[in-house]
Amino acid sequence: VLFRSQALNVVCQALLNEGDEVISFLPAFDLYTNDIEMAGGVVKYVAMKPSNTCADDWVATEEQIRSVITPKTKVILLNSPQNVPGKVWSLTELEMLAKIAIEHDLYV
């Protein structure tokens, strides 16, 4: 039986080579960084902008995401609801992430 933290670690070990980059959205559960770095990966953070109304209003723009992509980027780490703020990613946001992932041949 794999728990969430073990599953993420296994995925990182399987996908990442030394120096591969993973995009992670802030705020995020701190265990994500540990799993990525233990697999030799480098975390590239995208800070979501908070809202005072509800968790789903936290926003990461397409421009923010594209600005951290390099030739070494391999993964976009996405969970929904987002672990810490509880944001549930909208269909529009998921389509935008899918478009970026396809363009750059990234795992999500």
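The values are calculated or read from the model by the stated rules, or taken from the named source; none is laboratory data. Quick caveat, the model's predicted, so the values are computed rather than measured. Heads up: the accessible areas ignore ligands, DNA and RNA and are worked out on the full protein's heavy atoms, side chains in. Shrake-Rupley method; radii C 1.70, N 1.55, O 1.52, S 1.80 Å.
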From the Cα centre of the stretch 63-80 to that of the stretch 14-34, the distance in Å is 10
By what distance, in whole Å, do the Cα atoms of the chain stretch along each of the three principal axes, largest value first? 38, 32, 20
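Students sometimes get this wrong: rank Lys74, Lys87 by accessible area, probe 1.4 Å, all chains present, largest first.
Lys74, Lys87
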With a 1.4 Å probe and all protein chains left in place, how much of the accessible area of the stretch 9-108 comes from carbon and sulfur atoms, in whole percent? 58
With -39,500 (n - 2.57) per DSSP H segment of 4 or more residues and division by the full residue count of the chain, the 222 nm estimate, nearest 500 deg cm²/dmol, is -11000 deg cm²/dmol
Report the accessible area of Trp58, computed with a 1.4 Å probe over the heavy atoms of all protein chains in place, in Å² rounded to the nearest 10. 50
With every protein chain kept in place and ligands, DNA and RNA left out, what is the accessible area per residue of the chain? Probe 1.4 Å, answer in Å². 58
Antiparallel content of DSSP bridges confined to the chain, in %, to 5: 10
Using only protein heavy atoms and a 1.4 Å probe, report how much of Asp30 is accessible, in Å² to the nearest 10. 110
With all protein chains in place and a 1.4 Å probe, Glu37 shows an accessible area in Å² (nearest 10) of 110
